[in-house]
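J.: Pasting a structure below so you can have a look.
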Amino acid sequence: MTRALITGNAAAAWGARLAGAEYVPAFPITPQTEIIETLAGWIDAGEMDCRLVTLESEHSMLTAAGAAASTGVRVFSATSSQGLLYGMEMIYAAPGNRAPFVLVNVSRGIQTPVTLEPDHNDVLATRDSGFLQLHCATCQEVLDSTLIAYRLAEDHRVRLPALVNLDGFYLSFTREPVDIPARTEVEKFLPPFNPETTRFHAGEPVSQGVVVLGGAYYSYFRYEQHLAAQRALEVYAEVAAEFEQEFGRRYDAVETYRSEDAEIVFFMIGSFSTKAKDAVDRLREAGQAVGLVRPRLLRPYPAEALRRALAGKQGVVVIDQNLSMGMGGVLHGELAGALYGQPGMPPVLASFIGGLGGRDIAAEEFYEMVEVTRKACQEGVTPPPRLLYTADELRQMRKLQAVAHAERREDAA
Amino acid sequence: MYRIRFHGRGGQGMKTASRILGSAFFLQGYEVQDAPRYGAERRGAPIFAYVRAARQPIQERGIILAPDLVIVADDSLLPMPAAGVLQGVTPRTTLLIHSSEAPETWRQRLNIAGSLLTLSAQAEPHFAGTALTGAAARLVGVIMRSALEQAVRQELAGLGEETLSANLAQALAAYDGMAAHAGQVSEGEASAAVACPRPDWVDLPLDEADAAAAAIHAGATSVEVRTGLWRTLRPVIDYARCKRCWWVCSEFCPDSAIKVSAENYPEIDYEHCKGCLICVAQCPSHAITPIPESSEVKP
Ligand code: SF4
Ligand code: SF4
């Protein structure tokens, strides 16, 4: 094992390398490119025995990933944002083949307008695809989750592809100290892929992705994917326990931080949750009973673990780094669905939309969200959803619009 | 926790500088987080990078709003509000500017009460990053000379011995030069939740769709952005070889940067040619060759 300063992208590449990925179909996109470059460099230097092929699009890349997985090799790929969307047809198609592989997504906001910076609308667009989803908060977690994802995806009770998500910039380009285990250590936890019946060979023709008419047959195949995804919850717990035993790092499906005796907790995914931890520490110093509950696993949805973590709390600050137009925050709606009608659940789920397109969430905003939620608990009235957006930010926007307006008039004249 | 922000322009090695400092802290036993922050990657654009170092694991992320040390590689960024160089600078922040002007001049110009130091401008601007890092390592006072040296070697390992030793010399000279100020930059405290000002959130109003679609309402703005600055390799047409075919080069250029003159010769618009070299690959007469952008022969 070595402990080194590496970026989230490098951590993802290390995950693929240590997992012994044998085939990497690739297409570059900011902020994911470094993953592909790193792997290509290792393969070139003979440090990694793997075939990397650049395809002409993410659609082809994901088709290749799914097809290669069906032959029984260990497949890794990575994308981001528009690339993920471009491959979306295959994202939804691949899980039905029941051939496992791991896809890393480096979150980046989606257009329009275009950005390079992160939020979670890209990854949440894959929410209903059948891919299992692991969400990371640190560079260490990126490496570790990639290894865990293979175990989970390849387990014969599951056999679904898995997606590991890390935030662009805040993880992808950020170096943090990461324990990089030796290949021999990893092999104990993650032995070579045993594809069992997943062996699509030239001599044994199989047709995949076939037509199934008649809703009942279709329902069967689709619901089987759902059941397998649900089974992955139990498998995840086993895999995470083994991981902890091997490497000493614990990754519950739902991370809880100082939440046991908390009255109000933050609920969010991704790298900004470490900022929330910092806010929790500061608020605790100020005598407030505040904590954090963060689902690592978003698919399958760890509903039971969330109910356990949230039972008896007064209020939940739900921070969505995504936006479903005309509805609001995706995490908020899902959480409400999991808690509704269950005994002992917090009466107030306050919805906040923040960090879109990489916008910072400042410490004072974390404090204020707690304040708003506390007040709501006292008054028994859930506040309307709130976009984290300051008067100063609106002023800057208005300034740009004034310039655009003047230009437009000039144009018309 | 030490919170250090670097400001420079793309191409000045800010990312490498921040990584050298990050690695030096790490070698010294600190927990570290370092990251560059830029938009579309290109030379000349303002970028910043940051380094956090602490004895405890670091939970903060992203932009540093209360820096202990601000390092400026390009003094032309100081008057640019968009570069945000002075954001969060307080009397306890040290400002380190790479500039040929005296600290006193900058102190007056910027009306700065806190500590302001300059590192005299390097003859070769691409050394600015490493030199500033060397100075920063001394300013924080907890980085040994040997850790700095090891960090420089580590981060510049891929550049060859000559470049490495030149950079190392710069870094160490700057480190030594800051002896009088060793340890002057200290770790900032975590700001308490109680003393914090509240955010002035607003409800976003619903605007007319027309105003709320991201668009640029002016013609030919792409002409004004000199994308030629991004080029690292320059295509040069050898007119003795050019057969004035049917201007394959011009057809293929994805940036429409090759025009055909009245005499039917192709002409490259270097203000906008990004140096993709597609024209080089496509020219059937092999009349276009690439030369490094830095080479002496200017078009
Ligand atoms: S493609 Fe080559 S030969 Fe044809 S016009 Fe361009 S430079 Fe001349
Ligand atoms: S190098 Fe690329 S951008 Fe430049 S002239 Fe040739 S084809 Fe156009």
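J.: Residue B:199 - would you say it is more than 7 Å from every other protein chain (Cβ to nearest Cβ), in a loop (DSSP other than H, G, I, E, B) and over 28 Å from the mean Cα position of the chain (by Cα)? Don't jump to the end; show me each part of the working.
T.: Values: more than 7 Å from every other protein chain (Cβ to nearest Cβ): no; in a loop (DSSP other than H, G, I, E, B): yes; over 28 Å from the mean Cα position of the chain (by Cα): yes.
Taking the combined requirement at face value, the residue does not satisfy it.
J.: On to the next question. Residue A:368 - would you say it is more than 29 Å from residue A:229 (Cα to Cα), within 9 Å of chain B (Cβ to nearest Cβ) and under 28 Å from the mean Cα position of the chain (by Cα)?
T.: So residue A:368 passes the test.
J.: Residue B:241 - would you say it is basic (Lys, Arg), over 30 Å from residue A:371 (Cα atoms) and not in a helix (DSSP H, G or I)?
T.: Working: basic (Lys, Arg): yes; over 30 Å from residue A:371 (Cα atoms): yes; not in a helix (DSSP H, G or I): yes.
When the stated conditions are applied, residue B:241 passes them.
J.: For the list (1) outside the structural domain of residue B:60 (by TED's automatic domain parsing); (2) more than 16 Å from ligand 1 (Cβ to nearest atom); (3) in a helix (DSSP H, G or I), I need the number of the one condition that residue B:208 fails.
T.: Against the list (1) outside the structural domain of residue B:60 (by TED's automatic domain parsing); (2) more than 16 Å from ligand 1 (Cβ to nearest atom); (3) in a helix (DSSP H, G or I), residue B:208 comes up short only on (3).
J.: Confirm whether residue A:329 is free of Cβ contacts under 8 Å to residues at least 24 places away in the same chain and away from chain B (no Cβ under 13 Å). Walk me through how you get there before you give the answer.
T.: Values: free of Cβ contacts under 8 Å to residues at least 24 places away in the same chain: no; away from chain B (no Cβ under 13 Å): yes.
Here the answer is no, as residue A:329 does not meet what is asked.
J.: Right, next: Looking at segment B:244-267, which of the residues that are within 13 Å of ligand 2 (Cβ to nearest atom) and part of a loop (DSSP other than H, G, I, E, B) is nearest to the other protein chains (Cβ to nearest Cβ)?
T.: Let us first name the residues in segment B:244-267 that are within 13 Å of ligand 2 (Cβ to nearest atom), namely B:247-260, B:266-267.
Add one more test, that the residue is part of a loop (DSSP other than H, G, I, E, B), and what stays is B:247, B:253-257.
On the way: B:247: 27, B:253: 21, B:254: 16, B:255: 18, B:256: 21, B:257: 22 Å.
So the residue we want is B:254.
J.: With respect to residue A:270, is the statement that it is closer than 24 Å to residue A:125 by Cβ, of a type outside the set (A, V, I, L, M, F, W, C) and within 14 Å of chain B (Cβ to nearest Cβ) true? Reasoning before the result, please.
T.: Numbers: closer than 24 Å to residue A:125 by Cβ: yes; of a type outside the set (A, V, I, L, M, F, W, C): yes; within 14 Å of chain B (Cβ to nearest Cβ): yes.
The answer is yes for residue A:270.
J.: Residues in segment B:235-281 that are of a type in the set (Ser, Thr, Tyr), within 9 Å of ligand 1 (Cβ to nearest atom) and surrounded by 14 or more Cβ atoms within 10 Å (Cβ to Cβ): how many?
T.: At the first step, the residues of segment B:235-281 found to be of a type in the set (Ser, Thr, Tyr) are B:239, B:250, B:256, B:261, B:265, B:270.
Going one step further and asking which of them are within 9 Å of ligand 1 (Cβ to nearest atom), we end up with B:239, B:250, B:265.
Subset that is surrounded by 14 or more Cβ atoms within 10 Å (Cβ to Cβ): B:250.
Matching residues across segment B:235-281 total 1.
J.: In addition: Could you grab me the full set of residues in segment B:268-299 that are within 10 Å of ligand 2 (Cβ to nearest atom) and outside any helix (DSSP H, G or I)?
T.: Taking segment B:268-299 first, the residues within 10 Å of ligand 2 (Cβ to nearest atom) are B:268-270, B:272-283, B:288, B:290.
The answer is B:268, B:269, B:270, B:272, B:273, B:274, B:275, B:276, B:277, B:283, B:288, B:290.
To keep it simple, each residue is scored yes or no on (1) polar (S, T, N, Q); (2) more than 13 Å from chain A (Cβ to nearest Cβ); (3) not in a loop (DSSP other than H, G, I, E, B).
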{"position": "B:4", "(1), (2), (3)": "no, yes, yes"}
{"position": "B:7", "(1), (2), (3)": "no, yes, yes"}
{"position": "B:12", "(1), (2), (3)": "yes, yes, no"}
{"position": "B:23", "(1), (2), (3)": "yes, no, yes"}
{"position": "B:34", "(1), (2), (3)": "no, no, yes"}
{"position": "B:50", "(1), (2), (3)": "no, no, yes"}
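J.: Only one of these is modelled with pLDDT under 95 and β-branched (Val, Ile, Thr): A:142, A:206. Name it. If you could, list the steps in order and put the result at the bottom.
T.: Details: A:142 fails: modelled with pLDDT under 95.
Only one candidate qualifies: A:206.
J.: Listed residues A:128, A:179, A:119; which is charged (D, E, K, R) and either surrounded by 24 or more Cβ atoms within 10 Å (Cβ to Cβ) or outside the structural domain of residue A:62 (by TED's automatic domain parsing) (or both)?
T.: Working: A:128 fails: either surrounded by 24 or more Cβ atoms within 10 Å (Cβ to Cβ) or outside the structural domain of residue A:62 (by TED's automatic domain parsing) (or both); A:179 fails: either surrounded by 24 or more Cβ atoms within 10 Å (Cβ to Cβ) or outside the structural domain of residue A:62 (by TED's automatic domain parsing) (or both).
Only one candidate qualifies: A:119.
J.: Another question, if that's okay. Tell me which of these residue A:391 doesn't satisfy, since it passes every other one: (1) more than 9 Å from chain B (Cβ to nearest Cβ); (2) loosely packed, with under 15 Cβ neighbours inside 10 Å.
T.: In the conditions (1) more than 9 Å from chain B (Cβ to nearest Cβ); (2) loosely packed, with under 15 Cβ neighbours inside 10 Å, residue A:391 misses (1) alone.
J.: If you go through segment A:290-303 one residue at a time, how many are free of Cβ contacts under 8 Å to residues at least 60 places away in the same chain and away from chain B (no Cβ under 13 Å)? First the steps, then the outcome.
T.: Of segment A:290-303, the ones free of Cβ contacts under 8 Å to residues at least 60 places away in the same chain are A:291-293, A:301, A:303.
Retained after the next criterion (residues that are away from chain B (no Cβ under 13 Å)): A:291, A:293, A:301, A:303.
So the answer is 4.
J.: To continue, here is another question. Within the group B:192, B:215, which residue is under 30 Å from residue B:138 (Cα atoms), within 14 Å of chain A (Cβ to nearest Cβ) and free of Cβ contacts under 8 Å to residues at least 12 places away in the same chain? Break it down stepwise before answering.
T.: Values: B:215 fails: under 30 Å from residue B:138 (Cα atoms).
So the residue among B:192, B:215 that is under 30 Å from residue B:138 (Cα atoms), within 14 Å of chain A (Cβ to nearest Cβ) and free of Cβ contacts under 8 Å to residues at least 12 places away in the same chain is B:192.
J.: It is to be established whether one or more residues within segment A:112-123 are touching a helix residue (DSSP H, G or I) at 6+ places or on another chain (Cβ under 6 Å), closer than 22 Å to residue A:273 by Cα and of a type in the set (A, V, I, L, M, F, W, C). Walk me through it before giving the result.
T.: From segment A:112-123, those touching a helix residue (DSSP H, G or I) at 6+ places or on another chain (Cβ under 6 Å) are A:115, A:117-119, A:122; that's our starting set.
Now narrow it down to the ones that are closer than 22 Å to residue A:273 by Cα: A:115, A:117-119, A:122.
Those still in the list that are of a type in the set (A, V, I, L, M, F, W, C) too: none.
No, segment A:112-123 contains no residue that is touching a helix residue (DSSP H, G or I) at 6+ places or on another chain (Cβ under 6 Å), closer than 22 Å to residue A:273 by Cα and of a type in the set (A, V, I, L, M, F, W, C).
J.: Another one. Which one is nearest to ligand 2 (Cβ to nearest atom) among residues in segment B:228-238 that are out of contact with any Lys or Arg (no Cβ under 7 Å at 6 or more places or on another chain) and assigned to a loop (DSSP other than H, G, I, E, B)?
T.: Here the answer is B:232.
The values are calculated or read from the model by the stated rules, or taken from the named source; none is laboratory data. Treat the numbers as computed from the prediction; the structure is a model and nothing was measured. Every residue, glycine as well, gets a Cβ built from its backbone with ideal geometry; the counts of neighbours run over all protein chains shown.
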